């Protein structure tokens, strides 16, 4: 939970910084996230994450439970972000936290990769 809180604070500060840089004055919007895949492959140590945001301009970032930044979940077009293969993870983390640049975040369980 602490990791999710830290990730949310980072996302909110990114959003507030861009608001202040552009003249601000608007309310902070928070998007909603959905994750349809969070597969961990024990043979390769790779993870496949497929997620979507209600904000088509959002960037999504993946974090391990210990707070380690894993990488950006790439935009698959429109509000669909999908099929990003993350770099090597030594063991299945059990969960991943996905944080949006628009303020949303979600903690999802990992599942074994099914070829």
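Can we say residue 92 is in contact with a strand residue (DSSP E or B) (Cβ under 6 Å, 6 or more places away or on another chain), modelled with pLDDT of 95 or more, closer than 17 Å to residue 40 by Cβ and part of a loop (DSSP other than H, G, I, E, B)? Yes, satisfied. In segment 52-76, the qualifying residues are those that are part of a loop (DSSP other than H, G, I, E, B) and under 20 Å from residue 93 (Cα atoms), and the one that is farthest from the chain's Cα centre (by Cα) is 66.
The values are calculated or read from the model by the stated rules, or taken from the named source; none is laboratory data. Please read all numbers here as calculations on a predicted model, not as lab measurements. Please note: Cβ atoms are built from the backbone with ideal geometry, for glycine as well, and neighbour counts cover all protein chains shown.
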